[in-house]
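The values are calculated or read from the model by the stated rules, or taken from the named source; none is laboratory data. Worth saying up front: this structure is predicted, and the values here are computed from it rather than measured. Positions of Cβ are backbone-derived with ideal geometry, glycine not excepted, and every protein chain shown enters the neighbour counts.
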Amino acid sequence: MGRFRHRREASPRAARQAREMSGQAEQVALAQRAAALARVARAWEAALAGGSAQDGPDFEPIAGVGLAQFAAVSRGIAAFGHDQSKLGHVTASAGIPAQRWEIAARGWQDRIQGNHAVARRFNQFYREAWA
Amino acid sequence: MSAVRSAPEVRRRATIVGMRQIAMVNFDVLMEFELTVLQDGMPPYPAISQQLVGPRQARQLGPGHTLDASVDPSNPAAVWLRLEDPAAQ
């Protein structure tokens, strides 16, 4: 009897712990996915830098952030439901300091508005980061 | 994805990356727009919008144009170009 009563008392606490662990696991999984996307983008950028895939000055990296990496980080934010509070976490996971990210984000947005070829390439990189 | 307007909506800017004619509906054209949606303080994202436009307006629009757009905050993929607002263009 005593054992059963103990089990009943422990049950709500166990359920709460299970919910907390599930939430934490989800956060960790999302963070790992964002970091993986950033790693893929960095590898891709390195490959492009060594090749001949240059399309003019509008495709040059801004503050060390290339278009593929910008798209991958943008996709990483979308994985968090475009939650602005997660921006710092995702950029840090991609190894981009906040100050550099601000410069890069502003610059890439300007180029996207000014050159639709940049916008098209951004969309391609973004969708490939999702695949 | 077809965008459906619902309140409340948030205003964004969207750059047309590509567009194609899907169908004619009476004298209007059902167009599909490939967009890059720009958000203040947040990174952009791609979206597709299908909407009816007048034939004259369809000729005036093209890749590279950046217009005002409405976005459903609960579904950022639901984007609607505000073609009816001349000041938006």
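In table form, for the structure just shown:
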read-out	value
Test: residue in the range A:93-100 that is within 23 Å of B:Thr66 (Cα to Cα) and in contact with a helix residue (DSSP H, G or I) (Cβ under 9 Å, 6 or more places away or on another chain)	no
Hits in the range B:49-88 - residues which are touching an Asp or Glu at 6+ places or on another chain (Cβ under 7 Å) and among the aliphatic types (A, V, I, L, M)	B:Leu52, B:Val53, B:Val71, B:Ala78, B:Ala88
Hey, A:Ala41 surrounded by 11 or more Cβ atoms within 10 Å (Cβ to Cβ), farther than 30 Å from B:Ala78 by Cα and modelled with pLDDT under 60 or not	no
Elements of type strands (runs of 3 or more DSSP E) contained in the range B:37-88, each with 1 or more residues being within 11 Å of another protein chain (Cβ to nearest Cβ) and without any contact (Cβ under 8 Å) to a residue 24 or more places away in the chain	B:42-53, B:75-81
Residue in the range A:67-85 that is over 15 Å from the mean Cα position of the chain (by Cα), away from chain B (no Cβ under 11 Å) and not basic (Lys, Arg) present	no
The range A:83-109, residues that are among the charged types (D, E, K, R) and touching a strand residue (DSSP E or B) at 6+ places or on another chain (Cβ under 9 Å)	A:Arg100, A:Arg106
From the options A:Ala71, A:Ala53, residue that is of a type in the set (Gly, Ala, Ser), closer than 29 Å to B:Leu35 by Cβ and modelled with pLDDT of 95 or more	A:Ala71
Selection within the range A:68-95 - outside any helix (DSSP H, G or I) and aliphatic (A, V, I, L, M)	A:Ala94
